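Below is one structure, written out as structure tokens, with a few remarks after it.
The values are calculated or read from the model by the stated rules, or taken from the named source; none is laboratory data. Remember, predicted model here, so these are calculated numbers, not experimental data. Ideal geometry is used to build each Cβ from the backbone, glycine not excepted, and the neighbour counts take in all protein chains shown.
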There are 2 protein chains.
Amino acid sequence: MNCELVSVGTELLTGDTLNTNVMFLSKELSINGFSVLYHTTVGDNPGRLKSVIMRALTRSDLIITTGGLGPTQDDLTKETIAEIFGMEMEQRPEIVAKLKAFFDRRGVEMTENNLRQSYVPKGGVMLPNPRGTAPGIMIKKDDKTIIMLPGPPHEMMGMYEDCVEPVLHQLKNQLVISRYYNLSDIGESTVEDSIMDIIDRQDNPTVATYAKLGEVMIRLTANGDDSETINALLDRYEKVIIERFGSHIFTHSQDSLDVTVGKLLMEKGLTVALAESCTGGLVASKLAEIPGISASLKMGLVTYSNEAKMQLLNVRAETLDRYGAVSEQTAREMCEHLKEISGCDITASVTGIAGPDGGTPEKPVGLVYVGVCAKGKTTIKKYLFEGSRKIVQLRTANKVFHLIREAILDKTE
Amino acid sequence: MNCELVSVGTELLTGDTLNTNVMFLSKELSINGFSVLYHTTVGDNPGRLKSVIMRALTRSDLIITTGGLGPTQDDLTKETIAEIFGMEMEQRPEIVAKLKAFFDRRGVEMTENNLRQSYVPKGGVMLPNPRGTAPGIMIKKDDKTIIMLPGPPHEMMGMYEDCVEPVLHQLKNQLVISRYYNLSDIGESTVEDSIMDIIDRQDNPTVATYAKLGEVMIRLTANGDDSETINALLDRYEKVIIERFGSHIFTHSQDSLDVTVGKLLMEKGLTVALAESCTGGLVASKLAEIPGISASLKMGLVTYSNEAKMQLLNVRAETLDRYGAVSEQTAREMCEHLKEISGCDITASVTGIAGPDGGTPEKPVGLVYVGVCAKGKTTIKKYLFEGSRKIVQLRTANKVFHLIREAILDKTE
């Protein structure tokens with residue numbers, strides 16, 4: 001079933017509001033087996049809104065609108081759609097009562113314009129909104145379904161769960177299951193190249209790749225009448241993906257690499273400590289976002305200056321003098337000494353030149369050394385990253401997590 | 001001039017990617033005096049993409065597309081648009097050379113599909129992309145301008161600044177100047193309420209407020225024929241804003257609070273060290289994003305465990321036993337001892353319960369103590385934040401920067 005999402009609101013067109021609603025609804029619709037073919041955003045303008053809805057009706061079976069249901073003059077989604085379908089607006093006493101109760105509870109006098117929210121196109125189904133004042137509306141006409149939801153995300157999401165998901169389950173006829181494989185240390189074009197045969201003949205399941213900084217996600221989606229058939233189909237393709245990408249696959253989920261590594265540390269009961277120079281605490285703070293990580297993350301040292309490297313990590317002045325702060329030797333001392341200081345199972349170190357200044361011909365911006373110390377073995381890797389300061393820092397953090405994972409799984413050469 | 005943004009990519013329609021590009025471009029276009037009337041998102045499907053672009057050409061003068069310029073089979077934005085305009089594709093040797101150099105630098109072999117990026121519609125202008133492999137393209141035909149940008153936000157934003165903004169300045173006929181005032185420690189509704197009189201009668205200049213976590217930005221935008229007239233107009237309104245918000249205004253720019261504080265530290269030649277527990281290095285890593293910060297940021301200690309607090313910061317076991325790790329006393333010892341250890345001009349400490357677990361009735365999730373030690377004075381503040389683990393961490397970091405700024409400007413009570 002083809003779907004279109006129509007977002008209504010000038011605040012989206014001026015860039016004042018980030019449209020998170022379409023991402024939420026798109027994901028929910030996709031999971032439930034609906035094909036979202038278009039997102040359209042239009043301002044609070046009746047003429048343009050009308051033309052957008054009429055266009056949507058020519059190409060989509062299910063249209064979900066968000067926004068334009070509130071009490072103010074520029075909220076006109078339901079009036080515009082009622083006009084398209086030739087439906088009159090009628091006031092619903094139960095909504096009036098609800099509005100009055102809402103304002104009473106807050107001890108605020110209800111302004112007259114709020115009553116606009118009590119009108120519903122005749123023949124439309126009112127969808128209650130327990131988190132706000134503007135109810136939603138569903139209209140079914142011929143083969144088309146239009147669902148109108150309010151714009152504030154927490155109201156919209158609540159109503160989706162309460163009212164829209166049950167409607168979707170009635171509308172759909174097939175079951176859809178997706179599986180995810182997240183890969184690191186490999187580029188998207190290489191991934192695609194390696195599964196071009198599957199992508200080319202794709203029909204059911206479909207295969208898609210998504211690139212994030214340092215990660216590539218493969219999504220495998222199949223549909224069918226029952227989960228057994230679908231899973232058998234997915235198993236066949238999963239086998240191929242595992243064969244071709246092996247240990248590049250760091251998780252069979254949508255978890256990012258940092259979260260995967262954090263969970264792995266906790267699962268194995270391993271402790272970790274970090275010594276960061278050019279990433280300035282980024283690696284530690286990424287781990288710190290994971291609930292429960294305090295069981296594994298014991299300490300982090302941000303040793304930006306040479307003095308801090310010597311004072312906190314006992315990096316030798318001689319090493320800094322002879323090889324420089326950005327060197328294999330310094331990275332090695334940083335993680336090996338941190339092992340002694342922290343007593344943690346795994347320690348990692350970062351030293352590099354994030355830029356934009358500070359580079360030399362021998363040590364250009366983007367040069368980074370990452371060290372990992374685990375199971376009595378130290379691994380130092382040298383990288384040369386391109387991009388802005390922030391990108392260099394993010395790519396470095398990604399490699400730290402990659403190397404920690406390899407150390408946990410004992411895959412370092 | 002009417003604009004439309006067309007986002008190309010199935011990952012947007014499946015809800016796998018949040019479309020931040022349209023918000024960025026919408027804001028930039030609005031600031032520059034362009035009216036964005038529609039956003040349309042379509043998948044990697046040539047037929048539907050073609051119909052969307054053709055529709056856009058009937059109603060918009062400037063169309064900016066994002067996505068679909070990469071090396072893979074499903075990247076087909078430029079081919080589809082070339083077809084609409086009856087333009088042939090031609091390979092540009094300078095792009096081939098750039099691609100080869102890009103892969104050589106990385107020591108990676110270039111897969112054949114990357115060469116697709118070297119083709120440009122004949123007559124189109126190539127827009128260089130220093131941050132990635134896919135160049136952008138601009139086509140002008142009759143009164144219409146189409147600009148195609150890559151989908152990855154950091155590439156797109158960089159190209160916007162380098163190539164698109166200058167084009168916009170040529171296209172528009174009036175001069176537009178914006179000024180920004182960024183405020184902290186005040187809520188958006190309070191800000192709006194305080195300038196409602198200006199917002200209500202707004203015409204030229206226009207006033208808008210934008211809320212970010214812990215920050216509110218006021219934008220004042222005026223247009224006119226020459227910069228002198230515009231600036232005189234803006235001066236009048238700026239005076240009112242400064243009168244009403246005083247020291248809540250931490251910068252007359254779009255810089256966020258962390259960047260403002262980082263610049264202030266560098267400007268004043270002050271050194272800083274951080275001791276973080278529940279933020280896990282977030283404060284340090286925010287500072288570390290700022291170019292040149294190594295002159296000020298000397299060290300950071302992520303003392304997640306009690307042992308680390310004792311070992312690295314000499315927090316007394318008695319203090320931890322008696323008052324707990326999340327207490328005013330611990331926050332105080334953390335930043336005062338860090339002052340001794342680091343010798344920095346300013347030290348700050350954070351200890352709290354970011355959640356979702358670990359809360360008690362006496363010390364609930366969201367309880368955070370922030371300490372700042374500067375000019376021989378220690379200030380400890382207690383906060384109770386609501387929201388997810390990540391939100392609590394971000395709000396805490398915001399308050400650390402707020403308190404460091406107050407300490408630098410000697411505003412602590």
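Go through region A:124-173 and give me each residue that's among the small types (Gly, Ala, Ser) and either part of a helix (DSSP H, G or I) or in contact with a His (Cβ under 8 Å, 6 or more places away or on another chain) (or both).
Once the filter is applied, which keeps residues that are among the small types (Gly, Ala, Ser) and either part of a helix (DSSP H, G or I) or in contact with a His (Cβ under 8 Å, 6 or more places away or on another chain) (or both), region A:124-173 yields only A:GLY158.
Per this entry, B:SER294 is counted among residues that are within 7 Å of chain A (Cβ to nearest Cβ), over 21 Å from A:GLU289 (Cα atoms) and in a helix (DSSP H, G or I). Within the bounds of region B:385-396, is there any residue that is modelled with pLDDT of 95 or more and within 18 Å of B:ALA325 (Cα to Cα)? Yes, region B:385-396 contains a residue that is modelled with pLDDT of 95 or more and within 18 Å of B:ALA325 (Cα to Cα). For region A:60-91, the candidate set comprises residues that are over 31 Å from the mean Cα position of the chain (by Cα) and among the β-branched types (Val, Ile, Thr); within that set, the residue that is surrounded by the fewest Cβ atoms within 10 Å (Cβ to Cβ) is A:THR72. B:GLU243 meets all of the listed conditions (1) of a type in the set (D, E, K, R); (2) surrounded by 15 or more Cβ atoms within 10 Å (Cβ to Cβ); (3) modelled with pLDDT of 85 or more but one, namely (2).
Hey, can you tell me all the residues within region B:156-204 that are aromatic (Phe, Trp, Tyr) and outside the structural domain of B:GLU28 (by TED's automatic domain parsing)?
As a first pass, look at region B:156-204 and keep what is aromatic (Phe, Trp, Tyr): B:160, B:180-181.
Hits for region B:156-204 are B:TYR180, B:TYR181.
Return the residue satisfying two criteria in turn: it lies in region A:199-220 and is within 12 Å of another protein chain (Cβ to nearest Cβ) and over 18 Å from the mean Cα position of the chain (by Cα), and of such residues it is nearest to A:ASP61 (Cα to Cα). Talk me through it step by step, then tell me what you get.
Here is the first cut: in region A:199-220, the ones within 12 Å of another protein chain (Cβ to nearest Cβ) are A:199-200, A:202, A:206-213, A:216-219.
If we keep only those that are over 18 Å from the mean Cα position of the chain (by Cα) too, we end up with A:199-200, A:202, A:206-207.
Details: A:ILE199: 27, A:ASP200: 28, A:GLN202: 24, A:THR206: 22, A:VAL207: 25 Å.
Ranking the candidates gives A:THR206 first.
Residues in region B:255-271: is at least one more than 10 Å from chain A (Cβ to nearest Cβ) and on the phi > 0 side of the Ramachandran plot? Yes, there is a match, as at least one residue in region B:255-271 is more than 10 Å from chain A (Cβ to nearest Cβ) and on the phi > 0 side of the Ramachandran plot.
Find the residue count for region A:382-395, including only residues that are away from chain B (no Cβ under 11 Å) and crowded, with 17+ Cβ neighbours inside 10 Å.
Matching residues across region A:382-395 total 1.
Each residue in region B:107-135 was checked for being surrounded by fewer than 16 Cβ atoms within 10 Å (Cβ to Cβ), among the charged types (D, E, K, R) and over 22 Å from A:ILE195 (Cβ atoms), and 1 pass.
If we scan region B:84-92, do we find a residue that is over 18 Å from B:LYS140 (Cα atoms) and among the acidic types (Asp, Glu)? Write out each step before concluding.
Step one: filter region B:84-92 for residues over 18 Å from B:LYS140 (Cα atoms), giving B:91-92.
Those left that are additionally among the acidic types (Asp, Glu): none.
Looking through region B:84-92, none of the residues is over 18 Å from B:LYS140 (Cα atoms) and among the acidic types (Asp, Glu).
Selection within region B:150-183: residues that are within 22 Å of the chain's Cα centre (by Cα) and under 20 Å from B:ASP61 (Cβ atoms). The member of this set that is farthest from the other protein chains (Cβ to nearest Cβ) is B:PRO166.
Let's see how each residue does on (1) touching a Ser or Thr at 6+ places or on another chain (Cβ under 7 Å); (2) charged (D, E, K, R); (3) assigned by TED's automatic domain parsing to the domain that holds B:ASP142:
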{"site": "B:HIS39", "(1), (2), (3)": "yes, no, yes"}
{"site": "B:ASP44", "(1), (2), (3)": "yes, yes, yes"}
{"site": "B:LEU57", "(1), (2), (3)": "no, no, yes"}
{"site": "B:THR65", "(1), (2), (3)": "yes, no, yes"}
{"site": "B:LYS78", "(1), (2), (3)": "no, yes, yes"}
{"site": "B:MET89", "(1), (2), (3)": "no, no, yes"}
{"site": "B:GLU94", "(1), (2), (3)": "no, yes, yes"}
{"site": "B:LYS100", "(1), (2), (3)": "no, yes, yes"}
{"site": "B:LEU115", "(1), (2), (3)": "no, no, yes"}
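Please work out if B:PHE250 is assigned to a strand (DSSP E or B) and buried (at least 17 other Cβ atoms within 10 Å of the Cβ).
Numbers: assigned to a strand (DSSP E or B): yes; buried (at least 17 other Cβ atoms within 10 Å of the Cβ): yes.
It is true that B:PHE250 is assigned to a strand (DSSP E or B) and buried (at least 17 other Cβ atoms within 10 Å of the Cβ).
Condition check for B:GLY280 on (1) farther than 24 Å from A:VAL326 by Cβ; (2) assigned to a strand (DSSP E or B); (3) facing chain A (nearest Cβ under 9 Å): one failure, at (2). From the residues in region B:290-311 that are under 21 Å from A:LEU297 (Cβ atoms) and free of Cβ contacts under 8 Å to residues at least 24 places away in the same chain, which one is surrounded by the most Cβ atoms within 10 Å (Cβ to Cβ)? My answer is B:ALA308.
Of all the residues that make up region B:253-274, how many are modelled with pLDDT of 95 or more and either assigned to a loop (DSSP other than H, G, I, E, B) or more than 28 Å from B:CYS344 (Cβ to Cβ) (or both)? Quick ask: steps written out before the conclusion?
Residues of region B:253-274 modelled with pLDDT of 95 or more: B:257-274.
Next, from what is left, pick out any that are either assigned to a loop (DSSP other than H, G, I, E, B) or more than 28 Å from B:CYS344 (Cβ to Cβ) (or both): B:268-271.
Within region B:253-274, residues that are modelled with pLDDT of 95 or more and either assigned to a loop (DSSP other than H, G, I, E, B) or more than 28 Å from B:CYS344 (Cβ to Cβ) (or both) number 4.
Quick one: count up the residues across region A:335-371 that are in contact (Cβ under 8 Å) with a residue 40 or more places away in the chain and in contact with a Lys or Arg (Cβ under 7 Å, 6 or more places away or on another chain). Counting residues in region A:335-371 that are in contact (Cβ under 8 Å) with a residue 40 or more places away in the chain and in contact with a Lys or Arg (Cβ under 7 Å, 6 or more places away or on another chain) gives 7.
Any chance region A:230-253 includes a residue that's on the phi < 0 side of the Ramachandran plot and within 14 Å of chain B (Cβ to nearest Cβ)?
Taking region A:230-253 first, the residues on the phi < 0 side of the Ramachandran plot are A:230-245, A:247-253.
Okay, now just the ones that are also within 14 Å of chain B (Cβ to nearest Cβ), so A:253.
The answer is yes, given that some residue of region A:230-253 is on the phi < 0 side of the Ramachandran plot and within 14 Å of chain B (Cβ to nearest Cβ).
Of all the criteria given as (1) touching a residue at least 40 places away in the same chain (Cβ under 8 Å); (2) more than 13 Å from every other protein chain (Cβ to nearest Cβ); (3) within 21 Å of A:GLY300 (Cα to Cα); (4) not aromatic (Phe, Trp, Tyr), the one not satisfied by B:ARG316 is (1). So is B:VAL108 at pLDDT 95 or above and either out of contact with any Ser or Thr (no Cβ under 6 Å at 6 or more places or on another chain) or within 13 Å of chain A (Cβ to nearest Cβ) (or both) or not? For B:VAL108, the condition - at pLDDT 95 or above and either out of contact with any Ser or Thr (no Cβ under 6 Å at 6 or more places or on another chain) or within 13 Å of chain A (Cβ to nearest Cβ) (or both) - is not met. Can you give me the number of residues within region B:208-223 that are closer than 21 Å to B:MET23 by Cβ, out of contact with any Ser or Thr (no Cβ under 8 Å at 6 or more places or on another chain), not in a loop (DSSP other than H, G, I, E, B) and not aromatic (Phe, Trp, Tyr)? Adding up the residues that qualify gives 2. Restricted to region A:190-202, and to residues there that are touching a strand residue (DSSP E or B) at 6+ places or on another chain (Cβ under 9 Å) and in a helix (DSSP H, G or I), the residue that is surrounded by the fewest Cβ atoms within 10 Å (Cβ to Cβ) is A:THR190. So is A:GLY224 at pLDDT below 90, surrounded by 17 or more Cβ atoms within 10 Å (Cβ to Cβ) and more than 14 Å from chain B (Cβ to nearest Cβ) or not? The answer is yes for A:GLY224.
Those strands (runs of 3 or more DSSP E) of region B:1-92 in which 1 or more residues are touching a residue at least 40 places away in the same chain (Cβ under 8 Å), within 14 Å of B:LEU149 (Cβ to Cβ) and facing chain A (nearest Cβ under 9 Å) occupy B:2-8.
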